[in-house]
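Engineer: Quick one: this structure, given as structure tokens, is what I'll be asking you about.
The values are calculated or read from the model by the stated rules, or taken from the named source; none is laboratory data. This structure is a prediction, so every number in the text was calculated from the model and none was measured. Cβ placement follows ideal geometry from the backbone for every residue including glycine, while neighbour counts extend to all protein chains displayed.
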């Protein structure tokens with residue numbers, strides 16, 4: 001059974017808001033802010049977890065995940081191995097899912113299909129996301145026993161960028177951070193730039209707007225994307241409805257702007273090809289404007 005949901009998000013948490021935006025950061029002596037995690041959250045199996053209740057020395061790892069993002073799904077077995085390598089009484093690892101379009105039953109079925117052994121918190125209100133402010137899925141956060149974030153970012157360096165994957169990681173950032181913290185040693189790399197799908201939250205504006213889904217966006221999606229992004233085809237999620245497109249509008253604008261999607265091997269240049277799949281500058285601007293101005297649905301009669 002294949003569950004298709006891309007921007008629901010699972011979390012391994014690393015809480016730090018003031019990291020550098022690129023590359024890695026060395027450990028700093030500057031005190032890191034502590035987060036109030038007095039929030040009981042239920043996982044997909046119905047168990048309630050009190051994240052703030054921790055014995056001295058306990059480490060919490062929170063990783064934001066998605067049921068649809070291929071990069072996120074590709075790290076699930078890595079999380080299982082990490083869980084096997086750590087002592088349960090010393091290290092607690094959680095995934096976090098925040099996608100309102102995914103039901104609890106669908107999410108449970110998805111992670112059962114991947115045999116994920118770590119508990120996944122079903123955070124439909126986005127409580128952890130508001131505290132930790134992840135930018136991508138997957139993105140990992142490591143908290144010490146005072147609820148301070150001591151690491152945030154990538155799980156390892158398998159992915160150099162979307163579409164650029166190493167056969168094996170050379171650096172295991174998350175595992176190294178956990179090991180250093182458990183041994184009371186300095187964490188040499190306290191922040192890295194995560195690679196994956198964008199973590200997206202938005203408030204829907206279904207009324208009037210300059211750019212609307214039915215009038216402006218659906219024609220682009222239908223002509224450029226639906227040959228792959230529909231049931232029975234190779235893409236990991238569908239784009240056949242307003243909800244499916246709106247929930248990942250930032251991601252669509254990003255990967256089309258970077259010429260990752262639609263897939264097309266030749267680079268832009270003076271040569272022109274029959275059946276060329278590049279989006280025009282006008283189409284790219286419509287996708288970006290729609291993502292940034294409320295993602296209005298518009299009138300279905302415009303479709």
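Engineer: Can you name the residue in region 170-188 that is touching a strand residue (DSSP E or B) at 6+ places or on another chain (Cβ under 9 Å) and under 18 Å from residue 75 (Cβ atoms) and is also surrounded by the fewest Cβ atoms within 10 Å (Cβ to Cβ) among such residues?
Structural biologist: Taking the candidates together, the pick is 171.
Engineer: Tell me, yes or no, whether region 59-77 has at least one residue that is over 22 Å from residue 193 (Cα atoms) and surrounded by fewer than 17 Cβ atoms within 10 Å (Cβ to Cβ).
Structural biologist: Checking region 59-77: not a single residue is over 22 Å from residue 193 (Cα atoms) and surrounded by fewer than 17 Cβ atoms within 10 Å (Cβ to Cβ).
Engineer: What residue, of 181, 97, 82, 174, is under 17 Å from residue 61 (Cβ atoms) and within 15 Å of the chain's Cα centre (by Cα)?
Structural biologist: One residue alone meets the criteria, 97.
Engineer: Also: Return the residues of region 78-91 that are free of Cβ contacts under 8 Å to residues at least 40 places away in the same chain and surrounded by 14 or more Cβ atoms within 10 Å (Cβ to Cβ); say none if nothing qualifies.
Structural biologist: Of everything in region 78-91, those that are free of Cβ contacts under 8 Å to residues at least 40 places away in the same chain and surrounded by 14 or more Cβ atoms within 10 Å (Cβ to Cβ) turn out to be 80, 83.
Engineer: Quick one: count up the residues across region 47-67 that are in contact with a helix residue (DSSP H, G or I) (Cβ under 9 Å, 6 or more places away or on another chain) and either at pLDDT 90 or above or over 24 Å from residue 148 (Cβ atoms) (or both).
Structural biologist: 8
Engineer: For region 125-146, indicate whether the set of residues that are without any contact (Cβ under 8 Å) to a residue 24 or more places away in the chain and more than 17 Å from the chain's Cα centre (by Cα) is non-empty.
Structural biologist: no
Engineer: Quick one: in region 100-114, of everything that is part of a helix (DSSP H, G or I) and free of Cβ contacts under 8 Å to residues at least 40 places away in the same chain, which residue is farthest from residue 63 (Cα to Cα)? Walk me through it before giving the result.
Structural biologist: To start, the set of residues in region 100-114 that are part of a helix (DSSP H, G or I) comprises 104-113.
Within this subset, residues satisfying the condition of being free of Cβ contacts under 8 Å to residues at least 40 places away in the same chain are 105, 112.
Working: 105: 20, 112: 17 Å.
The residue in question is 105.
Engineer: Is it the case that some residue within region 192-200 is surrounded by 14 or more Cβ atoms within 10 Å (Cβ to Cβ) and over 26 Å from residue 67 (Cβ atoms)?
Structural biologist: Checked region 192-200: no residue is surrounded by 14 or more Cβ atoms within 10 Å (Cβ to Cβ) and over 26 Å from residue 67 (Cβ atoms).
Engineer: Among the residues of region 54-79 satisfying the criterion of being part of a loop (DSSP other than H, G, I, E, B) and under 17 Å from the mean Cα position of the chain (by Cα), which is farthest from residue 143 (Cα to Cα)?
Structural biologist: Looking at residues that are part of a loop (DSSP other than H, G, I, E, B) and under 17 Å from the mean Cα position of the chain (by Cα), I get 68.
Engineer: At pLDDT below 85 and under 18 Å from the mean Cα position of the chain (by Cα): does that describe residue 7?
Structural biologist: It is true that residue 7 is at pLDDT below 85 and under 18 Å from the mean Cα position of the chain (by Cα).
Engineer: While we're on this one: Are there any pairs with C-beta distances below 7 angstrom linking a residue in region 161-185 that is in contact (Cβ under 8 Å) with a residue 24 or more places away in the chain and at positive phi to a residue that is part of a loop (DSSP other than H, G, I, E, B) and surrounded by fewer than 17 Cβ atoms within 10 Å (Cβ to Cβ), with the two at least 6 apart or on different chains, and if so which?
Structural biologist: Between residues of region 161-185 that are in contact (Cβ under 8 Å) with a residue 24 or more places away in the chain and at positive phi and residues that are part of a loop (DSSP other than H, G, I, E, B) and surrounded by fewer than 17 Cβ atoms within 10 Å (Cβ to Cβ), the close pairs are 163/260.
Engineer: For region 237-254, which positions are in contact (Cβ under 8 Å) with a residue 24 or more places away in the chain and surrounded by fewer than 18 Cβ atoms within 10 Å (Cβ to Cβ)?
Structural biologist: Residue satisfying the conditions is 243 alone.
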